[in-house]
């Protein structure tokens, strides 16, 4: 049985890593800047997005650490309303980061 799985796995791995194959053909090709923006404006936007992303990632880490300590402290059958708010805030920050990353 193991002899059958190894070649099958190798074939799938080889097909999954074909170079040059686009992930999604409906997506436009990558461009270094947005249309309608000068290079300076694009660079400024990228720098601002980078600062915003690093700030949001730091907030996500703080919220996640707080959730971890809250879960360890509360036990398995207690759900705190602050934990729900923290998870919603993490989700919002992650969506903001995702939107900024998709901008370019």
Revision key, fill the gap. If we ask which residues in the range 76-104 are closer than 17 Å to residue 54 by Cα and free of Cβ contacts under 8 Å to residues at least 12 places away in the same chain, their number turns out to be 6
**Study point:** Single residue of the range 75-89 satisfying the filter (assigned to a helix (DSSP H, G or I) and exposed (fewer than 12 other Cβ atoms within 10 Å of the Cβ)) that is farthest from the chain's Cα centre (by Cα)
**Key:** 81
Review point. Scanning for something surrounded by fewer than 13 Cβ atoms within 10 Å (Cβ to Cβ), in contact with a helix residue (DSSP H, G or I) (Cβ under 8 Å, 6 or more places away or on another chain) and at pLDDT below 95, does the range 41-61 turn up at least one residue?
Key: no
Review point. Which of the following residues is exposed (fewer than 11 other Cβ atoms within 10 Å of the Cβ), under 23 Å from residue 97 (Cβ atoms) and either modelled with pLDDT of 85 or more or in contact with a helix residue (DSSP H, G or I) (Cβ under 9 Å, 6 or more places away or on another chain) (or both): 72, 65?
Key: 65
Check your understanding: Looking at (1) surrounded by fewer than 11 Cβ atoms within 10 Å (Cβ to Cβ); (2) touching a helix residue (DSSP H, G or I) at 6+ places or on another chain (Cβ under 8 Å); (3) modelled with pLDDT under 80, which is the one condition that is false for residue 101?
Key -> (3)
Practice item. Just one of (1) in contact with a helix residue (DSSP H, G or I) (Cβ under 9 Å, 6 or more places away or on another chain); (2) at pLDDT 95 or above trips up residue 32, so point out which. Key: (2)
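The values are calculated or read from the model by the stated rules, or taken from the named source; none is laboratory data. Remember, it's a predicted structure, so these values are computed and weren't measured experimentally. Positions of Cβ are backbone-derived with ideal geometry, glycine not excepted, and every protein chain shown enters the neighbour counts.
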